[in-house]
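Asker: There's a structure below that I have some questions on.
All of the numbers you see were taken from the coordinates with simple rules; none came from a lab. Just so we're clear, the structure is a prediction, and the values are computed from it rather than from any experiment. Note that each Cβ is placed from the backbone with ideal geometry, even for glycine, and that neighbours are counted across all protein chains shown.
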Amino acid sequence: MGCSCKSGMSETEIRERHVLIELPHNLERTRRIKKGLSTSIAIDGCIVEDIIHLWRNGIITTGCCCGHNGYFPRMVNVNPESVDKMYSMGYEQFHNDYTFKI
Ligand SMILES: [Zn+2]
Ligand SMILES: [Zn+2]
């Protein structure tokens, strides 16, 4: 995942880089509909392509951040069923318990 954010961006600048995108038909979309939430979500522009790529591979994402040039950890949250697939795609789990599954 690349990140083209400049360093030290403000909250507003970070928000301006968000892209609103429609969730694919997956469990996360279903969960959000049940909760009365919008089916479109705001994603950091830098990683939109990466997230769409994950969706095409059946990964169910529940949150993500490009890291904004090291300001936050760069990460993707996925549902427990997607963890093994993420490993096989070369992602590492960023949690101190290796066996952790939400
Ligand atoms: Zn970025
Ligand atoms: Zn972010």
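Asker: Along the charge dipole of the chain, pointing to its positive end and built from +1/-1 on Cβ of Lys, Arg, Asp and Glu, which listed residue (Pro73, His53, Phe94) has its Cα farthest out?
Answerer: His53
Asker: Right, another one. Using the Kirkwood radius over C-alpha pairs as Rh, can you work out the diffusion coefficient of the chain via Stokes-Einstein at 25 °C, viscosity 0.890 mPa s, in µm² per second?
Answerer: Taking Rh from Cα pairs, D becomes 169 µm²/s.
Asker: Summing -39500 (n - 2.57) over the DSSP H runs of n ≥ 4 in the chain and dividing by its residue number, what mean residue ellipticity at 222 nm do you reach, to the nearest 500 deg cm²/dmol?
Answerer: Helix-only estimate at 222 nm: -7000 deg cm²/dmol.
Asker: With a 10 Å radius around each residue's Cβ, average the other Cβ atoms per peptide and rank 80-88, 64-72, highest first.
Answerer: 64-72, 80-88
Asker: Sticking with this structure for a sec: To the nearest 20 debye, what is the magnitude of the charge dipole of region 10-99 about its Cα centre, counting +1 on the Cβ of each Lys and Arg and -1 on the Cβ of each Asp and Glu?
Answerer: Here region 10-99 has a charge dipole of around 400 debye.
Asker: For each cysteine in the chain, check whether another cysteine's C-beta sits under 4.7 Å from its C-beta; list those where none does.
Answerer: If one checks each Cβ against the other cysteines of the chain, Cys5, Cys64, Cys65 turn up with nothing under 4.7 Å.
Asker: Then there's this: I need the calculated FRET efficiency for the pair Arg56 and Lys35, taking r as the beta carbon distance and R₀ as 30 Å, to the nearest 0.05.
Answerer: The computed FRET efficiency comes out at 0.75.
Asker: Relative contact order (percent) for the chain, with alpha-carbon contacts under 8 angstrom and 6 or more residues of separation?
Answerer: 26 percent
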